[in-house]
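Below is one structure; the comments refer to it alone.
The values are calculated or read from the model by the stated rules, or taken from the named source; none is laboratory data. Just so it is clear, the structure is predicted and the values come from calculations on it, not from any experiment. A quick note on method: Cβ atoms are made from the backbone with ideal geometry, for glycine too, and the neighbour counts reach across all protein chains shown. We work out accessible area using only protein heavy atoms, side chains counted, and drop any ligands, DNA or RNA first. Shrake-Rupley method; radii C 1.70, N 1.55, O 1.52, S 1.80 Å.
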Amino acid sequence: MTLSRNKKSALRAVLPFVFRHWRNQPARLSVVAGGLIAAAAADVFMPLFAGRLVDSIARTDPAAARHGAMIAFGAIVALGLVAMVTRFIGLKAIIPFTLRIMSDVAQNAFVRIQRFSTDWHANSFAGSTVRKITRGMWALDLLNDTILMALIPSLVVLLGSTILVGWHWPVLGAVIALMTVIYVGLTVALTTNYIAPAAQLSNALDTKVGGTLADALTCNAVVKSFGAEAREDERLGGVLGKWRRRATRTWSRYTYVGTAQHAVLVLMSVTVIGGVLLLWAAGRATPGEVAYVVTTYFVIHGYLGDIGQHISHLQRSVNDMEELVAMHDEVIGIADAPDANPIKVAGGGIVFDDVTFHYRGHDTPLYDRLAVTIRPGERVGLVGRSGSGKTTFVKLVQRLYDATGGRILIDGQDVSKATQQSLRSQIAIVQQEPTLFHRSLAENIAYGRPGASMAQIEEAARLANAHDFIMRLPKRYETLVGERGVKLSGGERQRVALARAFLADAPILILDEATSSLDSESEALIQEAMDRLIQGRTAIVIAHRLSTVRSLDRILVFDRGRIAEEGTHASLARRPGGVYRSLFERQVLELDRMSAAE
Ligand SMILES: Nc1ncnc2c1ncn2[C@@H]1O[C@H](COP(=O)(O)OP(=O)(O)OP(=O)(O)O)[C@@H](O)[C@H]1O
């Protein structure tokens with residue numbers, strides 16, 4: 001999290017990040033900076049000719065007055081045109097320049113986040129992450145505009161005007177320089193030390209508002225089922241209340257700082273305009289020169305007045321980008337080894353060679369030197385109480401987590417030394433609660449094999465007993481399934497996931513059996529499809545209903561991260577006092593009770 005970082009480290013992290021992106025487009029950057037600097041330089045000379053104009057028309061000789069005035073007027077118009085054209089060129093070039101960086105930043109963030117470990121995703125709110133990316137993207141737009149369109153031109157005007165005035169009247173130049181330094185120093189100090197800490201706190205709460213909204217909306221089905229809408233309203237209200245208090249503090253600080261800046265500008269007008277009037281009174285400045293200094297003051301006033309805002313924008317955009325940049329610095333978690341090779345899976349034998357595994361934050365390891373061998377083509381059931389370590393076993397096979405000790409081998413190759421993409425392409429998984437994309441059914445089924453033909457997709461759906469229900473849908477294979485597949489029933493989602501696994505045709509299959517109570521017809525269809533899918537592959541089936549694992553080659557009974565028993569259904573069911581036997585007896589008893597009740 002970024003709160004512990006101070007503002008300097010935020011600047012140090014964000015600015016190099018942005019400049020790295022600038023360097024990718026050197027030609028465009030030169031056009032942008034060149035155009036905008038030239039326009040600002042034209043502004044510096046404008047007051048000089050305004051002064052000449054006043055002096056010319058004050059001449060007693062009408063012909064000389066007209067001639068002088070025309071030259072000064074021509075120069076003012078020419079400078080105006082130069083400023084207009086060069087600014088146009090700069091502004092036109094900044095559009096593709098910034099848009100390209102914004103899309104690069106979003107794309108790069110997405111590329112990284114997708115590859116962050118399962119652990120990272122388990123600990124992050126999707127809603128907050130989305131907000132960090134979009135907010136960072138727009139902050140980059142503001143940051144580019146602030147530096148290139150505002151701060152650099154302001155610097156050119158301030159330096160140029162100070163030098164030009166100082167050339168005529170060194171003391172007046174020094175006064176302008178001093179007041180500018182006071183103004184900018186005060187602004188920088190107040191924005192960074194006074195406004196930024198408050199802004200950082202309100203940003204953190206802003207992210208929290210996004211997270212709270214997303215959390216409740218994603219779990220809307222749960223909220224509805226408990227009639228907990230009012231509770232969630234209240235929860236959001238609480239977070240919004242905190243955000244409002246923080247935002248009030250931040251926005252008030254902006255107002256106080258604005259007033260302090262205004263006071264310095266008033267002081268500057270007194271010293272600069274007062275100074276040139278004294279010079280005029282002493283006969284050392286003509287009326288035209290007074291007009292020149294007064295106009296210069298107003299030009300400087302215009303730029304300085306906005307500098308406060310530019311610095312706040314700089315600060316705000318840096319704060320808004322900080323979380324995005326921090327994500328770039330985060331370690332991926334599970335990364336491919338530098339010498340990783342694609343895994344080659346033929347039979348699909350899996351070995352847990354004395355594997356120790358410890359979840360972060362837990363006191364004790366879940367597995368302590370767990371040793372398991374699954375033969376190629378073997379069909380193994382994992383059973384055991386909830387939390388006994390069945391799902392973790394398959395997560396380790398997929399290398400969603402790294403083992404703390406020992407090795408996991410597939411066909412003799414260490415999974416930690418294989419490329420993740422190759423490893424996961426060899427494993428098809430049907431989750432307990434399959435998640436579908438809000439895309440067409442055809443796209444969802446073809447996810448495991450991009451480019452599959454419609455005929456292949458239909459064949460997979462038939463094998464998964466999904467074809468018939470799909471054909472009854474209004475748009476058949478083109479039907480959109482809703483966010484996470486909410487428009488389908490649990491059993492239908494399972495069958496789409498099975499079709500996906502058929503099409504993926506991987507040598508290793510992981511089935512996490514659905515616990516949701518399906519009607520018996522749906523259950524039979526799924527069971528039949530599962531039996532078909534398992535044929536000819538190494539299969540690991542996490543089973544909750546023991547009927548599912550009866551026909552498998554071997555059953556591993558998990559108990560608090562250990563394998564308490566293993567064997568076939570028949571051998572385990574006979575073992576007196578065994579864990580499996582007690583689970584089995586309990587399920588038989590439940591079935592008896594249910595049929596008695598019917
Ligand atoms: N991401 C995680 N971070 C920390 N602890 C976890 C994480 N996932 C699971 N655990 C813990 O590890 C233990 C084993 O969990 P696992 O999901 O492997 O059990 P399971 O046997 O599959 O349970 P179930 O049958 O309920 O799905 C549990 O105590 C669980 O709380």
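To the nearest 20 debye, what is the magnitude of the charge dipole of the chain about its Cα centre, counting +1 on the Cβ of each Lys and Arg and -1 on the Cβ of each Asp and Glu?
880 debye
Could you tell me the convex hull volume per residue, in Å³, taken over the Cα atoms of segment 54-139?
It is 103 Å³ per residue.
May I ask you to list the lysines whose Cα is less than 24 Å away from that of residue 417, ignoring any residue fewer than eight positions away on the same chain?
Result set, ordered by chain and number: 344, 390, 395.
For segment 334-467, what are the per-bin percents of Cα-Cα distances with bins 10 Å wide, up to the bin holding the maximum?
All Cα pairs, binned at 10 Å, distribute as 10, 34, 33, 19, 4, 0 percent.
I want the antiparallel fraction of DSSP beta bridges within the chain, as a percent rounded to 5. Display every interim value, and only then the final one.
Values: 18 of 37 bridges.
In the chain, DSSP labels about 50 percent of beta bridges as antiparallel.
What percent do you get for the relative contact order of segment 7-329 when only Cα pairs under 8 Å and 6+ apart count?
Here the relative contact order equals 32 percent.
So what is the relative contact order for the chain, in percent, with contacts set as C-alpha pairs under 8 Å and at least six apart?
14 percent
For the pair residue 138 and residue 453, what calculated FRET efficiency results from E = 1/(1 + (r/R0)^6), where r is the Cβ-Cβ distance and R0 = 56 Å, to the nearest 0.05?
Computed FRET efficiency for residue 453 and residue 138 comes out at 0.85.
Counting only the heavy atoms of the protein chains, how much of residue 259 is accessible to a 1.4 Å probe, in Å² to the nearest 10?
90 Å²
Please work out, to two decimal places, the log10 of the ratio I(q)/I(0) at q = 0.19 Å⁻¹ from a Debye calculation in which every Cα of segment 327-410 carries one identical scatterer.
The Debye formula, applied to the Cα set alone, gives -0.99.
As I understand it, the value is the acute angle between the Cα axis of helix 229-281 and the longest principal axis of the Cα atoms of the chain; what does it come to in degrees, rounded to 10?
With both axes taken from Cα atoms, the answer is about 20 degrees.
How large, in percent, is the carbon and sulfur part of the accessible surface of segment 342-462 at a probe radius of 1.4 Å?
Heavy-atom surface of segment 342-462 belonging to carbon and sulfur, 1.4 Å probe: 49 percent.
Kindly report, to the nearest 10 Å², the accessible surface of residue 392 as traced by a 1.4 Å probe over protein heavy atoms only.
Rounded to the nearest 10, the figure is 10 Å².
As a test of the definition: which semi-axes, in Å, follow for the chain when you take the square root of five times each eigenvalue of its alpha carbon gyration tensor? Largest first, please.
72, 25, 22
Compute the angle between helix 490-504 and the longest alpha-carbon principal axis of the chain, please, reported from 0 to 90 degrees and rounded to the nearest 10.
90 degrees
Calculate, for segment 99-162, the solvent-accessible area per residue in square angstrom, rolling a 1.4 angstrom probe over the heavy atoms of the protein chains.
46 Å²
Which order do peptides 192-200, 269-277 fall in by mean Cβ count within 10 Å, highest first?
192-200, 269-277
Name the residues whose placed amide hydrogens come within less than 5 Å of the amide hydrogen of residue 359, ignoring near sequence neighbours (fewer than 5 apart) on the same chain.
Counting only residues 5 or more places away or on other chains, the set is 366.
At 1.4 Å probe size, with every protein chain present, just tell me what the per residue accessible area of segment 433-505 comes to in Å².
Computed with neighbouring chains in place, this is 50 Å² per residue.
Given charges of +1 on the Cβ of Lys and Arg and -1 on the Cβ of Asp and Glu, with all other atoms neutral, how large is the dipole of segment 373-425 about its Cα centre, in debye to the nearest 20?
160 debye
At a 1.4 Å probe radius, which order do 463, 140 fall into by accessible area, largest first?
Descending accessible area places them as 463, 140.
Which value, in Å² and to the nearest 10, is the accessible area of residue 234 when all protein chains are kept and the probe is 1.4 Å?
140 Å²
According to a simple spin-label model (label point 7 Å from Cα along Cα-to-Cβ), what is the distance in nm between residue 244 and residue 564?
5.3 nm
Just want the answer: with Cβ charges of +1 for Lys and Arg and -1 for Asp and Glu, which residue in 116, 74, 102 is farthest toward the dipole's positive end in segment 13-158?
116
Throw me the Rg/Rh for segment 7-329, computed over C-alpha atoms with Kirkwood Rh, two decimals. It would help to have the intermediate numbers written out before the result.
Values: Rg = 25.6 Å, Rh = 23.0 Å.
That ratio equals 1.12.
Angle between the Cα long axis of helix 287-329 and the longest principal axis of the chain, 0 to 90 degrees, nearest 10?
The angle comes out near 10 degrees.
Add -39500 (n - 2.57) for each DSSP H run of 4 or more in the chain, then divide by its residues: what number comes out at 222 nm, to the nearest 500 deg cm²/dmol?
Taken over the chain, the calculation gives -21500 deg cm²/dmol.
Over segment 7-329, what percent of the accessible surface lies on carbon and sulfur atoms, probe 1.4 Å?
With neighbouring chains kept in place, the figure for segment 7-329 is 69 percent.
Translational diffusion coefficient, Stokes-Einstein: compute it for segment 433-505 using the Kirkwood radius over C-alpha pairs as Rh, at 20 °C and 1.002 mPa s, and state it as an integer in µm² s⁻¹.
Reported coefficient: 186 µm²/s.
In cubic angstrom, how much convex hull volume per residue do the alpha carbon atoms of segment 94-238 span?
It comes to 152 Å³ per residue, whole-number rounded.
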